[in-house]
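The values are calculated or read from the model by the stated rules, or taken from the named source; none is laboratory data. A quick note: this is a predicted structure, and the numbers were derived from the prediction, not measured. Here Cβ is always computed from backbone atoms with ideal geometry, including for glycine, and neighbour counts include all displayed protein chains. To get the accessible areas, we keep the full protein, side chains included, count just its heavy atoms, and leave off ligands, DNA and RNA. Shrake-Rupley method; radii C 1.70, N 1.55, O 1.52, S 1.80 Å.
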Amino acid sequence: MRSTDIIPKLLNYCHMIQAKGLTCGSGGNISLMCDDGVLITPSGKSFESLSASDFVLLREDGSYLSCNGLVPSKEWRMHLMCYKKNTVRAVVHLHSTFSVILACSNNINKECAIPIYTPGYGMRVGRLPLIPYATPGSQELSTMVYSALKSHKAVLLQNHGYIVTDSSLESAINTAEEIEEEAKLHVFLRGQGITLTGVQQQQLGITDPII
């Protein structure tokens, strides 16, 4: 589909993300692949305040088209790198509260930042690796994220937030919600919760269970 056909759908999802409290202020950004490029949220605007004319059409070489002078999110490099994975059609990057709490925590498991407590999270996310801190918008961050996403659909960014990739925007947002809810559980449980066993994870189809 062309960008003009996708914009209403993308706008609705942005407003839904804000309404669910998955982001605040002008933090976070999402994008969706279309026939003529990648539609991405602009820099400096909250999801709540976005209108149809605010989205930016990003090209593979980093150039872009904008209807009203807005520029693409500063994380545009990271978004473009994600689309190098052939199965990716949508990218969601958010700064949800409980996920960021864990991203800023000491003694976090870098191979699996959020333990697997629930079946839904296990099936949607599984292992969630932690990416070391790098300046937002930098090529360094984009390269590290791309490397991690070769074998995962989502990663947690140290002192920053998380990024989810998927074949559809709806699925990516559902996964983002699962990450935030599991992070909330982990914070409330103070690390003392009962996680799913390796056998239980395998029964869910997780090929690389956390023991």
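How much solvent-accessible surface does residue 118 expose, in Å² to the nearest 10, with a 1.4 Å probe and all protein chains in place?
40
Mind checking the full-extension length gain between residue 187 and residue 65? Use 0.36 nm per residue of separation minus the Cα-Cα distance, one decimal, nm.
Between residue 187 and residue 65, full extension yields an extra 39.8 nm.
What is segment 8-144's relative contact order, in percent, from Cα pairs under 8 angstrom and six or more apart in sequence?
22
Report the net charge of residues surrounding residue 113, where surrounding means a beta-carbon distance below 12 angstrom and charges are Lys +1, Arg +1, Asp -1, Glu -1.
0
Would you check the accessible area of residue 77, probe 1.4 Å, heavy atoms only, in square angstrom rounded to 10?
Per-residue accessible area (residue 77): approximately 90 Å².
Rounding to the nearest 10 and keeping the result within 0 to 90°, find how far the Cα-based axis of helix 3-19 lies from the longest principal axis of the chain.
Value to nearest ten degrees: 50.
Where does helix 169-189 land angle-wise versus the long Cα axis of the chain, in degrees 0 to 90, nearest 10?
For 169-189 against the chain, the angle is about 40 degrees.
Strictly over 24 Å apart at the Cα level, which of 74/153; 153/184; 45/110; 20/153; 20/184 would you flag in this model?
45/110
Using a 1.4 Å probe over the heavy atoms of the protein chains, calculate the carbon and sulfur portion of the accessible area of the chain as a whole percent.
51
At a temperature of 10 °C and a viscosity of 1.306 mPa s, determine how fast segment 1-118 diffuses translationally according to Stokes-Einstein, using the Kirkwood radius over alpha-carbon pairs as Rh; express D in µm²/s, rounded to the nearest whole number.
D, rounded to a whole number, is 104 µm²/s.
Subtracting the Cα-Cα distance from 0.36 nm times the residue separation, let me have the gained length for residue 53 to residue 174 in nm, one decimal.
Extra length from residue 53 to residue 174 when fully extended: 41.0 nm.
Please give the calculated 222 nm ellipticity per residue for the chain, where each DSSP H segment of at least 4 residues contributes -39500 (n - 2.57) and the sum is spread over every residue; nearest 500 deg cm²/dmol?
Dividing the helical sum by the residues of the chain leaves -10500 deg cm²/dmol.
Given +1 on the Cβ of Lys and Arg, -1 on the Cβ of Asp and Glu, and no further charges, what dipole in debye does segment 1-130 carry about its Cα centre, rounded to the nearest 20?
340
Find the relative contact order for segment 63-138 and round it to a whole percent, using C-alpha pairs within less than 8 Å whose residues are 6+ positions apart.
Relative contact order here is 33 percent.
If I model a spin label as a point 7 Å beyond the Cα along the Cα-Cβ vector, how far apart are those points for residue 167 and residue 202 in nm?
Result for the modelled spin labels: 2.7 nm.
Note down the nm distance, to one decimal, between modelled labels 7 Å out along Cα→Cβ at residue 15 and at residue 84.
For the pair residue 15/residue 84, the computed spacing is 3.7 nm.
If the viscosity is 1.567 mPa s and the temperature 4 °C, what translational diffusion coefficient in µm²/s does Stokes-Einstein give for the chain when Rh comes from Kirkwood over Cα pairs?
The calculation lands on 75 µm²/s.
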